[in-house]
1. If a residue has to be surrounded by fewer than 16 Cβ atoms within 10 Å (Cβ to Cβ) and among the β-branched types (Val, Ile, Thr) to count, how many in the stretch 148-181 make the cut?
2. Mind telling me which of the residues GLY36, GLY53, GLY14 ends up being surrounded by 15 or more Cβ atoms within 10 Å (Cβ to Cβ) and touching a residue at least 60 places away in the same chain (Cβ under 8 Å)?
3. I'm trying to understand the selection: among the residues of the stretch 130-162, which are of a type in the set (Gly, Ala, Ser) and either within 10 Å of the ligand (Cβ to nearest atom) or farther than 26 Å from ASN24 by Cα (or both)?
4. Filter the stretch 90-135 down to residues that are over 18 Å from THR172 (Cβ atoms), surrounded by 20 or more Cβ atoms within 10 Å (Cβ to Cβ) and β-branched (Val, Ile, Thr), then give me how many there are.
5. Taking the stretch 136-147 only, how many residues are under 17 Å from the mean Cα position of the chain (by Cα) and either of a type in the set (A, V, I, L, M) or surrounded by 17 or more Cβ atoms within 10 Å (Cβ to Cβ) (or both)?
6. Looking at the stretch 61-129, what strands (runs of 3 or more DSSP E) fall wholly within it and have at least 1 residues that are more than 13 Å from the ligand (Cβ to nearest atom) and of a type in the set (Ser, Thr, Tyr)?
7. Kindly provide the set of residues from the stretch 163-190 that are more than 10 Å from the ligand (Cβ to nearest atom), more than 23 Å from TRP20 (Cβ to Cβ) and part of a strand (DSSP E or B), ordered by number.
8. For the stretch 77-108, give me each residue that is free of Cβ contacts under 8 Å to residues at least 40 places away in the same chain, in contact with an Asp or Glu (Cβ under 9 Å, 6 or more places away or on another chain) and closer than 19 Å to TRP155 by Cβ.
Amino acid sequence: QNNVPNTFTDAQSGIVFNSWGIPNGSPQSQGGWTFGMALPQNALSTDATEFIGYLECASKNSAGWCGFSLAGPMTNSLLITAWPHEGTVYTTLRYANGYAMPDKYAGNAEITQIRSSQNSTHFSLVFRCKNCLKWDHNGSVGQASTSGGFLVLGWVQAFPSPGNPTCPDQITLEQHDNGMGIWGAVLDDKVANPSYTAWAAKATKTVT
Ligand code: HEM
């Protein structure tokens, strides 16, 4: 997992991301795992409350799920889970008090999609995550502070698909089987972009 970010432009959306990941071919996670983040223009001086995310995750025969933790550990952090199903990539916001099936997140965060794609080995999603960098799950609070220029994030990847895949509030999961970890994600000045507002306006698709 790189700490210093790569920077790439998503060809389809034109959005510029800082990114971190596990390369395809690495023993840590079959197929690799990539997360990208784009932030509002002033995010490196004033804590942002939202971001645009890029996820590219492995799947086997179009199955699987992946996710990340906005504080690092699985527990006491806002968790984002994504999985492909019949041409749609679904997401759910979750929160776990222990190492068991996370609860549906009780706060007001919201994901809207900019684009997604999938083939037999990978799926990807570009999405806006509003109110995602500060969380309150029934009084359990936390924050990912962008003004420090450094985040601690967690990654996770699994091959069995969720149960109830078309109903994000009611999915069931087995314990992840294709890698997980915590890493320090340095943010550089490419992460905070004057085009953020225009990019965020492209996030018009709601998948529930
Ligand atoms: C770690 C169980 C779902 C993210 C772990 C560990 C267990 C576990 C036992 C620690 C393993 C070890 O240290 O060897 C489960 C179970 C789940 C589940 C039973 C569902 C039924 C999720 C979800 C996410 C997630 C939905 C995020 C979207 C993580 C991360 C770690 C982790 C980032 C590594 C960091 C840490 O140890 O806290 N999980 N998990 N997990 N899990 Fe989960």
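1. 3
2. Exactly one of GLY36, GLY53, GLY14 is surrounded by 15 or more Cβ atoms within 10 Å (Cβ to Cβ) and touching a residue at least 60 places away in the same chain (Cβ under 8 Å), namely GLY53.
3. Within the stretch 130-162, GLY139, SER140, GLY142, ALA144, SER145, SER147, GLY148, GLY149, GLY154, ALA158 qualify.
4. 3
5. 2
6. Strands (runs of 3 or more DSSP E) meeting the threshold: 88-95, 110-118.
7. Hit for the stretch 163-190 is GLY163, nothing else.
8. Selection gives LEU93, ARG94, ALA96.
No lab work stands behind these numbers, since they all come straight from the coordinates. In this text the structure is predicted, and so the values were computed from the model without any measurement. Note that each Cβ is placed from the backbone with ideal geometry, even for glycine, and that neighbours are counted across all protein chains shown.
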